[in-house]
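This report refers to the structure that appears directly beneath it.
Computed from the coordinates by the stated procedures, all read-outs in this text should not be read as laboratory data. From a predicted model like this one, the values you see are computed outputs, not experimental measurements. Using ideal geometry, Cβ is built from the backbone for each residue, glycine included, and neighbour counts are taken over all protein chains shown.
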Amino acid sequence: MPSSPEGIDPERLWGAVIATALSLGATVALAAPALTRLLPACGFRALTGLPCPTCGSTRAVLALADGRLLAALAHNPLAILVLGGAMIYLGYALGAILGLVPRVRTGWLTPPMPVGLRVGLPALLMANWIWLLVQGS
């Protein structure tokens, strides 16, 4: 049941996007971790010598797939937080599609975004980047 005026079902759309991304990532992480060596090097780090805000994400996911949560958090805490959030959303989306949980619609995310999000999200990204800079990831 589409639940937006445009006829778009966000749970189906984002659920499918997240499920596809998690499936591809899990396949690489679990079945072929050697393939990660084929990924291109970080261009930002090559230019500046500093880690970018997403540096360590691949290593974090591989450590998590290996069952090393603390190592994963050390590589890139925000990547693990985002991955956890994606998995929670995927569970919610599946429940909403199957009619097991009510669909959540929020009008408070429409522009202008609340101050907490406008300030909190960039602050979270900066805190993660500072962590990476201090760790030398």
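So here's what we get for this one:
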read-out	value
Where labels lie 7 Å past Cα in the beta-carbon direction, separation of Leu30 and Cys52 in nm	2.8
Whole-number D in µm² s⁻¹ for region 10-135, Kirkwood Cα-pair radius fed into Stokes-Einstein, 10 °C, 1.306 mPa s	96
Karplus-derived HN-Hα couplings along region 88-95 (A = 6.51, B = -1.76, C = 1.60, θ = phi - 60°), whole Hz, x at Gly and Pro	5, 4, 4, x, 4, 4, 4, x
Estimated dipole of the chain in Debye, rounded to 20 [Cβ of Lys and Arg +1, of Asp and Glu -1, Cα centre]	220
The chain, helix-only ellipticity at 222 nm - DSSP H runs n ≥ 4, -39,500 (n - 2.57), divided by all residues, nearest 500	-19000 deg cm²/dmol
